[in-house]
Amino acid sequence: MSGTESIAFDTPRRERSADNFAMWVFIGSEAMLFGAIFLVFLVAHIDFGPAFAAASKHLSLPLGTFNTAVLITSSFTMALAHRLALQRRWRATVWALAATSALGTCFLVVKGIEYGKEIDEGLAPLLGLPFRYAGPDPTHAEFFFGLYFTMTSLHALHLIGGIVVIAGMVALWRSANPANRLRRVVAVGLYWHFVDIIWVFMFPVLYLINR
């Protein structure tokens, strides 16, 4: 038995490459999920363009714009964390990761405020809530808001996942060796940038239709 025992990877670099490959596979599967939803939205927009454009104007452009700036900033702090990790500046890396997590949390808080506003206005066709849309073509407007809540809540769940992973990584920071610290920062960075890119595509599709 002892002759067959071996470590999974003979060098940290190969282990990091395997982690990156696994993360890219995961990101690819998630990209297909979001891509399918985007396709449904774009096809529906072609068919029901006026209704979607009118419904989009009921979304809060200031809050959406603010959240876009927040996530773009979080991509910079995550990139900074990666650079600091490469330089073995571990304390600064933790601070950059904490800033990234804080910005992600800020996004979720603002999104929650926006959801509350939309629910109060009767624009959330979910969980049996009444849909009180006063604009044109309420049937297709309801479809727009259904897609809007599906897309943004799915994105929020992915963002929450990223925040949880960062929190766990920071909690285990002291017990990890430098090689493991670096590969974890690289892997979570790939995921975080993916989630940010999804929002960068989602924002104009949802908020800027015919504005």
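Determine, yes or no, whether ILE166 is part of a helix (DSSP H, G or I) and buried (at least 19 other Cβ atoms within 10 Å of the Cβ). Yes, satisfied. State yes or no: is PHE41 within 25 Å of GLU142 (Cα to Cα) and in a helix (DSSP H, G or I)? The answer is yes for PHE41.
For the structure I just gave you, tell me whether LEU84 is under 30 Å from ASN177 (Cβ atoms), more than 15 Å from the chain's Cα centre (by Cα) and surrounded by 14 or more Cβ atoms within 10 Å (Cβ to Cβ). Working first, answer last.
Working: under 30 Å from ASN177 (Cβ atoms): yes; more than 15 Å from the chain's Cα centre (by Cα): yes; surrounded by 14 or more Cβ atoms within 10 Å (Cβ to Cβ): yes.
It is true that LEU84 is under 30 Å from ASN177 (Cβ atoms), more than 15 Å from the chain's Cα centre (by Cα) and surrounded by 14 or more Cβ atoms within 10 Å (Cβ to Cβ).
If the condition is being under 16 Å from LEU123 (Cβ atoms), part of a helix (DSSP H, G or I) and in contact with a Phe, Trp or Tyr (Cβ under 7 Å, 6 or more places away or on another chain), then the stretch 52-79 contributes PHE52, ALA55, SER56, LEU61, GLY64. Condition first: of a type in the set (A, V, I, L, M, F, W, C) and free of Cβ contacts under 8 Å to residues at least 40 places away in the same chain. Now tell me which residues in the stretch 121-157 satisfy that. ALA124, LEU126, LEU127, LEU129, PHE131, ALA134, PHE149, LEU157, listed by residue number. Annotation note: of LEU147, LEU157, LEU190, LEU182, the sole residue that is surrounded by 14 or more Cβ atoms within 10 Å (Cβ to Cβ) and under 30 Å from LEU123 (Cβ atoms) is LEU147. Scanning the stretch 111-144 for residues that are surrounded by fewer than 17 Cβ atoms within 10 Å (Cβ to Cβ), in a helix (DSSP H, G or I) and among the hydrophobic types (A, V, I, L, M, F, W, C) yields ILE113, ILE119. For the stretch 64-81, filtering for residues that are surrounded by fewer than 16 Cβ atoms within 10 Å (Cβ to Cβ) and more than 14 Å from the chain's Cα centre (by Cα) leaves 4.
FYI, it's all coordinate maths here, none of it is from the lab. Please read all numbers here as calculations on a predicted model, not as lab measurements. Note that we place each Cβ from the backbone using ideal geometry, even for glycine, and neighbour counts take in every protein chain shown.
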